[in-house]
Amino acid sequence: MTLSFTHETRAGRVLFGAGLAVENVVAEVQRLGAARVMVVTSGSQAALARSLADVIPVALTWTDVVQHVPLETAARARRAATEAGIDVVVAVGGGSTTGLAKAIALTTGIPIVAVPTTYAGSEATDVWGLTEDGRKTTGSDPRVLPVAIVYDAQLTRDLPVGLSVASGLNAIAHCVDSLWAPRADPINAALATEGIRALAAGLRAVVATADDADGRDRALLGTYLAATAFASAGSGLHHKICHVLGGTYGLPHAETHAVVLPYVAAFTLPAAPAAERRLADALGASTGLGGLESLRRDLHAPTALRDHGFSESDIPEAARLIVSAVPPSHPRPVTEAVLRVLLRAAWAGTPADDFAHSADLEAAVNL
Ligand code: NAD
């Protein structure tokens, strides 16, 4: 076997430890020499944000956080950060909170210390996203990559089990899509494979006991591995589909990823033997799809897009919007007809294996 590839590793510090969030944020703020900190947070994370105000120089606390970062929300936060002379943003929360911090960093260059409380993984990527008039735009820029990530599994103990599962499957989707994404290589594949192992074990433990400390730790570690693999490998078919579903139809991020993943896997794995071997091996199953479906059953994962706000009548338009974004390097040709069948199965919650062997898919592939 000969190997030839170019791999880029993104910079960043990771401070990992349950119960150490405050201590580690203080250390990072001091290391950066910050004098005027903006804390971005929302909902249940406000308590940690309040306790930070006692130990770091907080000049501004910002709680106006909206999923998929509407442009006007970003503009208000950027203005406030500039007017307050902020030198570091500390983002405490899920992907939406990190996303707003990234929007601030994108135009101001203010460094971010991220304290994630879900398994979205945005903290370990240089990808930003903004939404305007129902269209989500994303891009990558080194300025938005947090300079430090503080992982504290205690902050995820109150994440409801259903949301933990959906968010964790979003992280597993980062891993699986990385296996065939445009810049997939043996380094990010290794990260992705280990990420799947850690997330599968962690999520099974969390579903058994919501505050299982070891399970929460493993899920968070898997989150980082997954996001690092994804940031390096780029967006594959799965992310292109979910991007349109979230940005254009307002579907919830984590649940959409959780539902769509088995359909993309069922369609792609037959044409991607190395990914098939890695996924099956990481999940301890005889086939990749079998392992994924068994994990999803154990986790009581979300099953149908129609339960999350997607209408059957939107399928043709969504397929049209997605097809032009599909990476040409995808292991199996993806047409609008294929996407219509895939989205219909995901909308209805058809078992992924039935979809993969359906007459409808065969007809679409042969069109
Ligand atoms: P989210 O940040 O919107 O959080 C979902 C809900 O969970 C919110 O109500 C939040 O307040 C609550 N929550 C968060 N942490 C909690 C905790 N520990 N306990 C209890 N409740 C908690 O959702 P998300 O799935 O984390 O992030 C989705 C967003 O992140 C999307 O906009 C998506 O595009 C973006 N994202 C970006 C990247 C990237 O690389 N740029 C990667 C993944 C996700």
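Summing Lys and Arg as +1 and Asp and Glu as -1 over all other residues whose Cβ lies under 15 Å from the Cβ of Leu321 gives a net charge of +1.
Extension gain for Ala363 to Leu71 (0.36 nm times residue separation, less C-alpha to C-alpha distance): 101.0 nm. Only helices enter the 222 nm calculation for the chain: every DSSP H run of n ≥ 4 contributes -39,500 (n - 2.57), and dividing by all residues gives -16500 deg cm²/dmol, rounded to 500. Other residues within the sphere of radius under 15 Å centred on the Cβ of Arg143, judged by their own Cβ, net out at -1 (K and R +1, D and E -1). Amide H to amide H, with H built 1.01 Å from N, Trp62 comes under 5 Å of Val39, Val40, Thr41, counting only residues 5 or more places away or on other chains. Using a simple spin-label model with pseudo-atoms 7 Å out from Cα toward Cβ, Ser44 and Thr82 lie 3.6 nm apart. Both numbers refer to the Cα atoms of the chain; Rg and Dmax are 19.9, 64 Å. May I ask which residue of Leu361, Leu339, Thr223 lies farthest towards the positive end of the charge dipole of the chain, with charges of +1 (Lys, Arg) and -1 (Asp, Glu) on Cβ and the Cα centre as origin? So the residue we want is Thr223.
Can you work out the base-10 log of I(q)/I(0) for region 13-156 at q = 0.11, 0.12, 0.13, 0.18 1/Å, using the Debye formula on its C-alpha atoms alone? Treating every Cα as an identical point scatterer, log10 I(q)/I(0) equals -0.33, -0.40, -0.47, -0.94.
Of the chymotrypsin sites (Phe, Trp or Tyr not before Pro) found in region 1-85, those in coil by DSSP whose Cβ has at most 14 other Cβ atoms within 10 Å are Phe5.
Structural descriptor for region 13-156: relative contact order 29 percent, calculated from alpha carbon pairs under 8 angstrom and at least 6 residues apart. Taking trypsin sites (Lys or Arg not before Pro) across region 7-51, the ones in a DSSP loop with at most 16 further Cβ atoms lying within 10 angstrom of their Cβ are Arg10, Arg36.
Tell me, what does the Kirkwood hydrodynamic radius of region 161-365 come to in angstroms if you use every pair of distinct C-alpha atoms? Taking the inverse mean of 1/r over all distinct Cα pairs, region 161-365 comes out at 16.5 Å. Our summary gives the chain a relative contact order of 14 percent, counting only alpha carbon pairs under 8 angstrom and 6 or more residues apart.
What does a probe at Ala11 reach in region 60-87, counting residues whose amide N is under 20 Å from the point 7 Å along Cα→Cβ? Output list for this probe position: 87.
Applying the Karplus relation 6.51 cos²θ - 1.76 cosθ + 1.60 with θ = phi - 60° to region 348-360 yields 3J(HN,Hα) values of 7, x, 4, x, 4, 5, 5, 4, 4, 9, 7, 5, 4 Hz, where x marks Gly and Pro.
Quick note: the coordinates plus some simple rules give every number you see, no bench work behind them. Treat the numbers as computed from the prediction; the structure is a model and nothing was measured. Please note: Cβ atoms are built from the backbone with ideal geometry, for glycine as well, and neighbour counts cover all protein chains shown.
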